[in-house]
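See below for the structure under consideration.
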Amino acid sequence: LRSFMGQLKLCPKTGRPLNPIGRTGISGRGVLGKWGANFAVDPIVISKDPKTGEYSLLVIERKDGGWALPGGMVDKGESVTDALFRELEEETKLKREDLDSFLIRDWSIDTYADDRRATDNAWIETSARLLLIPDQLKQRLLIEAGDDAAKVKWLKLDPSFVDSLYGSHAYMVLNALKHLGQ
């Protein structure tokens with residue numbers, strides 16, 4: 001059992017891993033695929049308008065409601081980078097070959113994800129990665145909702161919008177902006 005949160009504790013009665021953040025009131029795995037940490041990726045795709053200096057963020061509207069980063073679960077044996085680009089393509093139709101060179105390779109955040117699917121024995125931990133896309137490329141990219149996305153679009157980054165993002169996505173985006181000096 002691995003976790004970004006350090007050494008996991010096991011329930012003395014069941015031997016199941018215990019959520020390192022605390023009890024949720026729901027035992028078992030719930031809808032999550034594994035006991036303990038279920039690893040996810042969250043691409044933070046940002047573009048800066050050279051005229052206004054404003055940032056925009058690529059987001060999806062989840063089919064179950066709310067705006068989110070276009071991420072998802074890491075498959076067994078898959079690298080974080082491969083999962084990041086697979087999920088990005090599945091949810092936005094953007095191809096790795098168009099974006100790989102814009103991945104900021106010196107920044108990432110690996111964190112517990114505040115997610116309503118978490119239980120006492122299963123939770124999500126995510127690896128967020130930043131891609132800074134030039135505005136002229138952003139204008140040429142064709143995005144289309146796919147997989148779990150009802151819609152996909154670029155939205156202006158402002159504090160009220162960031163605060164409304166799904167789960168821990170606001171925390172991740174704000175940390176990425178700090179990396180960019182904002």
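The values are calculated or read from the model by the stated rules, or taken from the named source; none is laboratory data. Source: prediction; values computed, not measured. Note that each Cβ is placed from the backbone with ideal geometry, even for glycine, and that neighbours are counted across all protein chains shown. For the accessible areas, the whole protein counts, side chains as well, though only heavy atoms, and no ligand, DNA or RNA atoms are used. Shrake-Rupley method; radii C 1.70, N 1.55, O 1.52, S 1.80 Å.
Annotation note: Cβ proximity below 9 Å between a residue of the range 18-40 that is without any contact (Cβ under 8 Å) to a residue 60 or more places away in the chain and a residue that is surrounded by 14 or more Cβ atoms within 10 Å (Cβ to Cβ) and of a type in the set (Asp, Glu) (sequence gap 6+ or interchain) occurs for 22/120.
A single entry from 36, 30, 77 fulfils the requirement of being over 23 Å from residue 162 (Cβ atoms), open to solvent by 70 Å² or more (accessible area, probe 1.4 Å) and more than 11 Å from the chain's Cα centre (by Cα): 77. The criterion of being open to solvent by 80 Å² or more (accessible area, probe 1.4 Å), in contact (Cβ under 8 Å) with a residue 24 or more places away in the chain and outside any strand (DSSP E or B) does not hold for residue 97.
Just one of the listed residues (117, 86) is open to solvent by 50 Å² or more (accessible area, probe 1.4 Å) and in a helix (DSSP H, G or I), and it is 86.
Contact annotation: residue pairs with Cβ atoms under 6 Å, 6 or more positions apart or on different chains, pairing a residue in the range 155-182 that is at negative phi with a partner that is assigned to a helix (DSSP H, G or I) and open to solvent by 80 Å² or more (accessible area, probe 1.4 Å), are 170/163. Any residue at all in the range 2-10 that is part of a loop (DSSP other than H, G, I, E, B), under 30 Å from residue 181 (Cβ atoms) and touching a residue at least 40 places away in the same chain (Cβ under 8 Å)? Among the residues of the range 2-10, at least one is part of a loop (DSSP other than H, G, I, E, B), under 30 Å from residue 181 (Cβ atoms) and touching a residue at least 40 places away in the same chain (Cβ under 8 Å), which makes the answer yes.
Criterion applied to 69, 84, 88, 58 was being touching a His at 6+ places or on another chain (Cβ under 6 Å) and under 30 Å from residue 179 (Cα atoms), and the one residue passing it is 69.
Among all residues of the range 52-72, there is none that is in contact with a Lys or Arg (Cβ under 6 Å, 6 or more places away or on another chain), part of a loop (DSSP other than H, G, I, E, B), over 20 Å from residue 132 (Cβ atoms) and of a type outside the set (S, T, N, Q).
Quick one: which helices (runs of 4 or more DSSP H) sit completely within the range 134-181 and have at least 2 residues that are open to solvent by 80 Å² or more (accessible area, probe 1.4 Å) and at pLDDT 90 or above? Working first, answer last.
Values: elements: 135-140, 159-163, 169-179.
Fully inside the range 134-181 and qualifying: 135-140, 169-179.
So is residue 137 within 16 Å of the chain's Cα centre (by Cα) and within 30 Å of residue 51 (Cα to Cα) or not? It is false that residue 137 is within 16 Å of the chain's Cα centre (by Cα) and within 30 Å of residue 51 (Cα to Cα).
Of the residues screened, residue 105 is not one that is closer than 30 Å to residue 1 by Cβ, outside any helix (DSSP H, G or I) and touching a residue at least 60 places away in the same chain (Cβ under 8 Å).
What about residue 27, is it in contact with a helix residue (DSSP H, G or I) (Cβ under 8 Å, 6 or more places away or on another chain) and either of a type in the set (Ser, Thr, Tyr) or part of a loop (DSSP other than H, G, I, E, B) (or both)? Steps first, please.
Details: in contact with a helix residue (DSSP H, G or I) (Cβ under 8 Å, 6 or more places away or on another chain): no; either of a type in the set (Ser, Thr, Tyr) or part of a loop (DSSP other than H, G, I, E, B) (or both): yes.
No: the conditions fail for residue 27.
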